[in-house]
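Notes follow the structure.
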Amino acid sequence: MSNKGSALRDVLLTVARDFGTPCYVYFMDQVRERVERARLAFGNRFRISYAVKSNPNPFILRRMMALVDLLDVSSAGEVLRALETGWDPAKLSFTGPGKTEAELQTAVDVGVGEVIVESVDEAQLLNRIAGRAGGRQGVIVRIAPSRVPRGFGLNMSGKPTQFGIDEEEVDSAVRAIRSLSHLRLCGFHIYSGTQCLNPAAIVENYEIFIEIFRRVCHEHEVRAEKLIFGSGIGIPYYESDTAVDLTAIAGQTNRLLDELKSDAMLSDTELVLETGRYLVGEAGVYVSRVIRRKHSRGVDICICDGGMNHHLGAAGHLGSLIQRNYQMFKITGEDDDGPEQVYNLVGPLCTTIDTLGRQVKFRGLEAGDLIGIRSSGAYGATASPIHFISHAPPKEIIVETVRGNLLIEDGSQFGSGRGEATREPQSQ
Ligand SMILES: *Cc1c(COP(=O)(O)O)cnc(C)c1O
């Protein structure tokens, strides 16, 4: 598992030397490449919406302004974060099953493009708020499909769910929502699962979306401005995972999207692909340093300076039933550091659940060595209990090619960091 002489390794060594560990490192060139790949694969049929919760780092949000079209926010905090980084509120859509009155008020006050309403109740509350403000708030109705393809990743539909309006009840809900005079129905939204690595299941999932969207638009004669497709596309986390071939998925999906758009009623409709981890997940590496090696009852244990407190997912506690090792590699050292040996990798916390890897193979891992954990760009720092046991928060370092030069800078958002790399992103 060495990574000798690679450009990646050199950058990570520089980062660790100049900024210290533990840290997340985000490679913006890869993010840009991902956005372009998504646009190209679907032949620009989709506008791209970035799900902020996957990585709300302010530098990334600012950079995304030049890369994606829209932003999916899931709390008033994310609304404000997006505005602080310069986003136009009209480009935000606000999802979430538990939006409070104060959050809806914020959405109306700042002029969020669309509130994704997830229940009739919520729509009625929003209607009162919008009425008091004297306007009409754009809304998109989130639908919870009654079925999800077999073999889908983490799915949240076809069973009782707090997300969206059950497909079985959507007709009466749409009638109720349309009768609210301070709301303007702009379209429909489905996000029924994620982290799917099975191309056939992803295509089938979009087929289900399309069928539901078409039926609901016709039934209620809605000339939708937007139909939002929660992408569901997964990324490889474990050794056994295979990356999805987006071109293969798009090859089959594009025909269905064209059919949908050929419907006279939907000819002006914008189709939106809403995704987070696909864009940023593989563009991030978490770097942790071995503080101490301990031999305990036949097992070599390496204790690192950051663990579950920074990276809940790698520790196996973010939606997975069992802990499997994320793909990781030794950054320091040489290929001739001796034969591969097996180590358990743990973090610094005083709890047994702080394990980053079980029986991982490295060549001669010692105190001082650096470990890189791949696929750490999404659901990393902000999805982890960074305050637990009061260790320092992780730094967040941005790596990006600007005019042919590789720039490395501190984009930390926690602790002493201000969440701002010193340089503003260059406009395209
Ligand atoms: C979390 C979320 C996403 C992004 O999911 P990924 O797995 O990161 O692509 C998109 N839409 C909604 C509504 C979400 O809650």
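The values are calculated or read from the model by the stated rules, or taken from the named source; none is laboratory data. Worth saying up front: this structure is predicted, and the values here are computed from it rather than measured. Neighbour counts run over all protein chains shown; Cβ positions are idealised from the backbone, glycine included. Only protein heavy atoms, including side chains, enter the accessible area calculation; ligands, DNA and RNA are left aside. Shrake-Rupley method; radii C 1.70, N 1.55, O 1.52, S 1.80 Å.
Scan the range 171-208 for residues that are open to solvent by 10 Å² or more (accessible area, probe 1.4 Å), more than 16 Å from the ligand (Cβ to nearest atom), under 26 Å from LEU70 (Cα atoms) and outside any loop (DSSP other than H, G, I, E, B) and the total you get is 5. Out of ALA7, ALA90, ALA16, report the one residue that is more than 18 Å from the chain's Cα centre (by Cα), within 25 Å of LYS330 (Cβ to Cβ) and open to solvent by 50 Å² or more (accessible area, probe 1.4 Å). Of ALA7, ALA90, ALA16, the one residue that is more than 18 Å from the chain's Cα centre (by Cα), within 25 Å of LYS330 (Cβ to Cβ) and open to solvent by 50 Å² or more (accessible area, probe 1.4 Å) is ALA7.
What's the total number of residues in the range 213-231 that are open to solvent by less than 10 Å² (accessible area, probe 1.4 Å), within 16 Å of the ligand (Cβ to nearest atom) and either under 19 Å from the mean Cα position of the chain (by Cα) or not aromatic (Phe, Trp, Tyr) (or both)?
5
In the set (1) more than 15 Å from the ligand (Cβ to nearest atom); (2) modelled with pLDDT of 95 or more; (3) in contact with a Lys or Arg (Cβ under 9 Å, 6 or more places away or on another chain), the condition left unmet by GLY234 is number (1). Of all the criteria given as (1) buried (at least 16 other Cβ atoms within 10 Å of the Cβ); (2) modelled with pLDDT of 95 or more; (3) in the same structural domain as ALA367 (by TED's automatic domain parsing), the one not satisfied by LEU260 is (3).
Assessment of the range 237-254 against the conditions (within 14 Å of the ligand (Cβ to nearest atom), assigned to a helix (DSSP H, G or I) and among the aromatic types (Phe, Trp, Tyr)) yields no matching residue.
One line per residue, one yes/no per condition, for (1) of a type outside the set (Gly, Ala, Ser); (2) surrounded by fewer than 20 Cβ atoms within 10 Å (Cβ to Cβ); (3) at pLDDT below 95:
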residue	(1), (2), (3)
THR275	yes, no, no
ILE291	yes, yes, no
SER296	no, yes, no
CYS304	yes, no, no
MET308	yes, no, no
ALA314	no, no, no
HIS317	yes, yes, yes
LEU321	yes, yes, yes
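Which of the residues spanning the range 376-403 are open to solvent by less than 10 Å² (accessible area, probe 1.4 Å) and outside any helix (DSSP H, G or I)?
To start, the set of residues in the range 376-403 that are open to solvent by less than 10 Å² (accessible area, probe 1.4 Å) comprises 376-378, 380-381, 394, 396-400.
Answer for the range 376-403, where residues must be open to solvent by less than 10 Å² (accessible area, probe 1.4 Å) and outside any helix (DSSP H, G or I): SER376, GLY377, ALA378, GLY380, PRO394, GLU396, ILE397, ILE398, VAL399, GLU400.
Among the residues making up the range 323-343, a single one is open to solvent by 40 Å² or more (accessible area, probe 1.4 Å) and closer than 17 Å to ARG289 by Cβ: ASP337. Taking the range 74-134 as the region of interest, the helices (runs of 4 or more DSSP H) fully inside it that hold 2 or more residues being within 16 Å of the ligand (Cβ to nearest atom) are 76-84, 101-110. Counting just the residues of the range 55-73 that are within 21 Å of GLU409 (Cα to Cα) and not in a loop (DSSP other than H, G, I, E, B), which one comes out most open to solvent (accessible area, probe 1.4 Å)? Only one residue tops the list, namely MET65. Are any residues in the range 20-53 touching a strand residue (DSSP E or B) at 6+ places or on another chain (Cβ under 8 Å), of a type outside the set (D, E, K, R) and either part of a helix (DSSP H, G or I) or at pLDDT below 95 (or both), and if so, which ones? MET28, VAL35, ALA38, VAL52, listed by residue number. Among the conditions (1) over 23 Å from the mean Cα position of the chain (by Cα); (2) among the aromatic types (Phe, Trp, Tyr); (3) under 30 Å from CYS186 (Cα atoms), the only one that PHE362 does not satisfy is (3).
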